[in-house]
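Scroll down for the structure; my scribbles are underneath it.
Laboratory data are not the source of any read-out in this text; all were calculated from the coordinates shown. None of these values were measured; they are calculated from a predicted model. Reconstructed Cβ throughout: ideal geometry from the backbone, glycine too, with neighbour counts over all protein chains shown.
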Amino acid sequence: MARSRPPETSLPPVPPPAERARTLTGRARHAAVIGSSDPDGELRAAPTLHHVPATGAATLQFPEDHPLVLQVRERGESLLPVMLELADVAPVTVRRPVRGLLWISGRLRVLPLRVARRAALRIAAEHPDERLLDVGHGETLLRLEPAMVVLSDAEGTEALAPTAMAAAPPDPVATTGDAWLAHLAAAHAGTLSALVPRLPPHLRRAGHRIAPLGVDRLGLRLRVEGDDPARGDHDVRLPFAASLSCPGQLGAAVRALIGWEREDERGMRPTTRPIPPHAMGA
C-alpha cells in the first residue's frame with residue numbers, strides 16, 4: 001500500500017475517513033479474526049464467509065468444531081474479545097495489491113441456530129453464496145459486537161467509532177468501482193496512457209507501468225510502478241472536476257481529466273480512442 005502523491009502542490013480532495021471505512025467494509029475480499037486468548041499464542045483464523053455491514057457488526061461463518069468457535073462457546077455470556085482484520089485488495093495486478101486495511105475490535109458471540117439461519121437468509125438475499133447453505137450443517141455463524149474501528153489506507157490512519165462509520169453516506173460508485181477499474185486496465189490501455197501528462201514530471205518516465213488502483217466519487221487513483229522495485233511504487237490521486245452522484249458519470253469524468261471533452265468542443269479529434277459509453281458507464 002503506497003501513500004498518495006498529489007500531482008499538484010495542493011492536496012486533492014478525498015472522502016472523509018468514515019466514508020472510506022464504510023466503503024472498505026463492503027468490498028474487502030479478505031478477512032481474518034485475531035484473538036489473544038489462545039493458550040498457544042495469538043489465534044488468527046480466516047472465516048469461511050464474512051459479511052460486514054456499515055455498522056461493523058460482522059457476521060462470520062466458521063466450521064462448528066473450529067477452535068475459535070469452541071473458545072467463544074467456552075466464554076459464554078462474557079463473550080470473546082477479538083479483532084477483525086479486513087483487507088481491501090486491488091482488482092488489478094500490481095506489486096503491492098493491498099489498498100487499505102480496516103480493523104474492527106469487539107466481542108464475539110455464537111448465534112443460536114434459529115437466529116443464524118435467519119441471518120444466513122438475509123445475507124443470501126443481499127449477496128447470494130452457496131456456502132451459506134452449510135449453516136446448521138457443520139457450519140455456524142458468529143456475530144461481532146463492534147467497539148472500535150481503525151482505518152489505514154493511502155490517506156493515513158484514523159480511529160473511528162462504529163456509529164460514525166454507520167452514519168457515513170455510501171459512496172455512489174463503490175459497488176461498481178472495482179469492476180470498472182478492471183475493465184479500464186484490461187481494455188483501455190490508451191486511456192491510461194493519455195493520463196500520463198497528469199502525473200508529476202518525475203513519474204512520466206519510459207518504463208513506468210500505470211495501473212488504475214482505485215476510484216471513488218471524488219477522484220481516480222493510479223499506481224505508478226517503475227522498472228526497479230527497490231525504488232518503490234507511487235500512488236497518484238487525480239481529482240474529478242465535481243463529485244460524482246452515480247457510476248454512469250465515471251466515463252465522462254475520466255475524459256474530462258484527459259481533456260478529450262474540451263478538444264471535442266473545439267472540433268478537435270482526440271489522439272487516443274475514447275472510452276466507449278456502453279463500456280465505461282458514460
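A few comments on the model shown:
- With kT/(6 pi eta Rh) evaluated at 10 °C and eta = 1.306 mPa s, and Rh the Kirkwood radius from Cα pairs, the range 119-256 diffuses with a coefficient of 87 µm²/s according to Stokes-Einstein.
- Computed [θ] at 222 nm, deg cm²/dmol, the chain (DSSP H ≥ 4; -39,500 (n - 2.57); rounded to nearest 500): -8000 deg cm²/dmol
- Asp65/Ser245 FRET efficiency (R0 45 Å; Cβ-Cβ; nearest 0.05): 0.40
- Its Kirkwood hydrodynamic radius, worked out from the mean inverse distance over all distinct Cα pairs, puts the range 17-167 at 15.8 Å.
- Cα-based radius of gyration of the range 89-145 once divided by 2.2 N^0.38 Å, which approximates compact folds: 1.50
- Over all pairs of different C-alpha atoms in the range 177-259, the reciprocal of the mean inverse distance, the Kirkwood hydrodynamic radius, equals 13.2 Å.
- Interatomic Cα distance distribution for the range 155-214, bins of 10 angstrom, percent: 17, 33, 28, 20, 3
- Summarising the overall dimensions of the range 85-183 from its C-alpha atoms, the Rg and Dmax are 16.4, 44 angstrom.
- Shape call, the range 43-89: gyration tensor on alpha carbons, a/c limit 1.5: prolate
- Between Met148 and Leu79, the distance separating the two model label sites (each 7 Å from Cα on the Cα→Cβ line) works out to 1.5 nm.
- Where only C-alpha atoms are counted, convex hull volume of the chain per residue in Å³: 148
- Positive-end residue, the chain charge dipole about Cα centroid, Cβ charges, pick of Gly207, Thr157, Pro67: Gly207
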